[in-house]
Every structure is written in C-alpha cells, then in structure tokens.
Amino acid sequence: MINLDTVQQLLYQDVSSVPMPRPRATNSVGLTQLEQRFRDAGPRLNSNRKEVLEAILANPDDNYFLSSRQLARRYGVDAATIVRTIQVLGYRKFSEFAADLRSHFLTRITPYTILKAASREKRSLGDRIRHSFEMDSRNLQHLQSNLDPERIIALAKTINRARRILVIGIDLAASLSWHLAYGLMSMGFAAEAPVGSSGNVQRRVRTLTNKDLLIAISFGQTLRETVEAAIHARELKVPTFGITDGENSPISRVCDDSYLVSVATPSFVGSYVAPMSLLGMVLVAAAHLQTARSLQILKRSEEQDRSGRRWYRAADNLDDPME
C-alpha cells in the first residue's frame, strides 16, 4: 500500500539538488535507467533472473525500500542470486540498483496513485486544504534552498541571444508555457507557446535552427509530445532547456540542461507554485540583462495601451446602471 507521506518525501528528495549541465544522454528516451539496463542485458539473463527482474520492475512501490535479502525472500531466491542478477545489469553495488529502482518508481507515479494514497489518510476536508497549502509552501522552500541564480542568468543570456524561442508545455503545463512565452513577448522576444495537435508542435520545431532555443516543460512521467519535440530539436542542433521535477526525467536526459522544481501535491494535478516562481525569476533576469531595451519596449507598449481601449474605464459604458 502506497503511503502518501513516503511518496512526497521521495519526490522532494528527487529535487534536493539541482543538476549541473551534463552531456546529452544516449539511452532510449522513455525508458528509465533500470529499464534500459534490463533491456541491454537481456541476452545475458537466464529465464529465472528475467522473471525476478520483471516482477521487481512491475511492483517498484513494494520493492524500492527493500534490502537484497528482503527482495530475495519476497521472490523465493537466495540473496546471492539477487546480487549476481544486478551485477549482470552493470551495477557494482546493491545501493546503486536500489537508487535506480527508486527513480523508476518515481516515474511511475500518476495522479491516480497520489489521490488514492491521499484518500486513505484520515483527514477532515479542512485538513486536506491546509495540507495542500503546506505542500505548496514546501515546494517553494525547496526551490529557495536550491536556488542557483547563476544558472538562471545563464538561461536568460541564452534567451537574449536566441533569434526565436519556442516554449513547449502541453495539457496543464500549457499554462506555464503560455505564461513564459507571453512574458518574453512583452519584452520584445520572438517567443511562442504552440498549442493544438502534435503535428502543429512538430512543424514549429522543424522551423528552428541552431540560432534559436527550445524550452520544454513537463513533469512526472512527462508527455510524449513534449519529449519528442525536445528530441527533434536536439537532432536539428537547436539549444534545448528543460524544466521538470527529476534528474532521471526524459526531459532532463534529452535537453542540454534543465532546472528541477517540485510539483508534489496531494491533489490529482501538479502544484505549479514553484515552476511559476522559477519562470518569474527567468523573466526578471531576461529583462535586466538588457534593461534599457526592456524599458524602451515596455514604454512603447504602455503608450499604445493608453491611447487605445485596452483598459476598462467606467465612462466607456454609457449604460452603466450605477450611474
């Protein structure tokens, strides 16, 4: 039985440190590190070892916290068999295997499993509301404790150099991609957050060059369209940056660099408090790298807004019943 507090602790641990830039991954996107090793080692595994590994991978929530001896007892084999099996996968120590099993578990967490775990807790409705707020606060605290302004500045510099900026976020993450693209457009950057079908997104990606930038935003198991957009951009030599919640996330593995933020929540939707805060910091950095340019563009927009009908004025409504 999945315990909500345990799941939340694991999610927070996964973003306890922000990864530094790393080379692009070569393993298959969509597979966890453990699944990749299992697939690669397939020809070297006998049928019994394959069955044990398949059972472990199918129930990571029941297994990620067990020792080698406990795993052996659960699946009716000796501990030496467990050790030899993980050695075939390329692990030197059981702790390395356990860490990848934990990461595998995290990528399989769904809104259903989170809400189901939360529903088992004995809380009043008021307590559930307070708990949701507390988790939002913790997400912000984790962002603050791991804040790396230099990496945000580096992303802002890349944004300033880019000819075009494509921000990919789908489903709920579309609210984040639209927010970032709108903020950048307000400062004169050629930014957009495409919506619609996967074909529409991929066609936008095909127009990018190495002078542009793709920012991919997705969390948890990550959405296929977002990951494939980043893969396609990488193939075109387009610089890529990811915003996600795990360093073993496909977004982290595909993009040139990424920033991790927690979206842990007892709700069936992610908590976007921390990602929104991160986007705000990116916009601040982008604006102040070229303050004079930003002020000039915003001043022009302000003058146009004043002379137009953008803002509501009571005098505009001649039928106002309050007058």
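Taken together, the values in this text are just the output of simple stated rules run on the coordinates, not laboratory data. Keep in mind that this is a model prediction, so the values were computed, not measured. Note: ideal-geometry Cβ built from the backbone for every residue, glycine included; neighbour counts use all protein chains shown.
Using alpha carbon coordinates only, what is the Rg to Rh ratio of the stretch 184-261, with Rh defined as the Kirkwood radius?
On the way: Rg = 12.1 Å, Rh = 12.7 Å.
Reported Rg/Rh (Cα atoms, Kirkwood Rh): 0.95.
Of 271, 307, 198, the residue with the greatest mean-square motion in the GNM of the chain, using alpha carbon springs below 10 Å, is 307.
The C-alpha atoms of the chain define a longest principal axis, and helix 224-235 lies at about 80 degrees to it. Can you give the angle from 0 to 90° between the axis of helix 94-107 and the longest principal axis of the chain, with both taken from C-alpha atoms, to the nearest 10? Its long axis makes an angle of about 40 degrees. Each of 312, 216, 283 was scored by the projection of its Cα onto the charge dipole of the chain, and the greatest displacement toward the positive side belongs to 216; charges sit on the C-beta of Lys, Arg, Asp and Glu. Just grab the label-to-label distance for residue 121 and residue 291, each label 7 Å out from Cα along the Cβ direction, in nm (one decimal). Reported label-point gap for residue 121 and residue 291 is 4.4 nm. Within the listed set 79, 286, 274, the Gaussian network model of the chain (springs between alpha-carbon atoms below 10 Å) gives the highest mean-square fluctuation for 79.
Among 304, 33, 144, the largest mean-square fluctuation in a Gaussian network model of the chain (Cα springs under 10 Å) belongs to 304. Taking the helices alone, the chain has a mean residue ellipticity at 222 nm of -17500 deg cm²/dmol, built from -39,500 (n - 2.57) per DSSP H run of at least 4 residues and averaged over all its residues.
Report the FRET efficiency, 1/(1 + (r/R0)^6), for residue 307 and residue 144, where r is their Cβ-Cβ distance and R0 is 41 Å, rounded to 0.05. Step by step, r from the Cβ atoms, then E = 0.50. Pull out a ≥ b ≥ c, the square roots of the eigenvalues of the alpha-carbon gyration tensor of the stretch 63-162, then state rounded if a/c is under 1.5, prolate if not and a/b is larger than b/c, and oblate in the remaining case. The shape class here is oblate.
Considering all different alpha carbon pairs of the chain, the Kirkwood hydrodynamic radius works out to 22.1 Å. Cross-link partners for residue 50 among the lysines, with Cα-Cα distance under 24 Å and sequence neighbours closer than 8 places in the same chain left out: 93.
Using all pairs of distinct alpha-carbon atoms, the Kirkwood hydrodynamic radius of the stretch 145-211 works out to 13.0 angstrom.
Nearest 20 debye, what's the magnitude of the dipole of the stretch 35-133 about its Cα centre given +1 on Lys and Arg Cβ and -1 on Asp and Glu Cβ? Mind dumping the intermediate values first?
Values: 19 positive and 11 negative charges, 41 e Å.
The dipole of the stretch 35-133 has a size of about 200 debye.
In loop segments of the stretch 225-316 as defined by DSSP, the trypsin sites (Lys or Arg not before Pro) with at most 12 further C-beta atoms inside 10 Å of their C-beta are 237, 309, 310, 313.
Give the shape of the stretch 47-86 as rounded, prolate or oblate, defined through the alpha-carbon gyration tensor: a ≥ b ≥ c are the square roots of its eigenvalues, a/c under 1.5 means rounded, and otherwise the shape is prolate if a/b is larger than b/c and oblate if not. Since a/c reaches 1.5 but b/c is at least a/b, the shape of the stretch 47-86 is classed as oblate. Extent along the principal axes, Cα only, for the stretch 42-109: 30, 24, 21 Å, with the longest axis given first. In the chain, the longest principal axis of the Cα atoms and the axis of helix 79-88 are about 50 degrees apart.
Applying the Karplus relation 6.51 cos²θ - 1.76 cosθ + 1.60 with θ = phi - 60° to the stretch 146-154 yields 3J(HN,Hα) values of 10, 5, 10, x, 5, 6, 5, 4, 4 Hz, where x marks Gly and Pro. For the stretch 251-261, the Karplus equation 6.51 cos²θ - 1.76 cosθ + 1.60, evaluated at θ = phi - 60°, returns couplings of 5, 5, 6, 8, 6, 4, 8, 7, 10, 9, 9 Hz by residue, with Gly and Pro reported as x. In the chain, taking the dipole from charged Cβ atoms about the Cα centre, the farthest positive-side position among 273, 294, 36 is held by 36.
What nm distance separates the two modelled labels at residue 95 and residue 207, each placed 7 Å from Cα along Cα→Cβ? For the pair residue 95/residue 207, the computed spacing is 5.1 nm. Potential lengthening of the chain between residue 67 and residue 45 amounts to 5.8 nm, from the contour at 0.36 nm per residue minus the alpha-carbon distance. As a ratio to 2.2 N^0.38 Å, the alpha-carbon radius of gyration computed for the stretch 165-323 takes the value 1.23.
Given their separation in residues at 0.36 nm each and the Cα-Cα distance between them, residue 174 and residue 58 gain 38.7 nm when the chain is fully extended.
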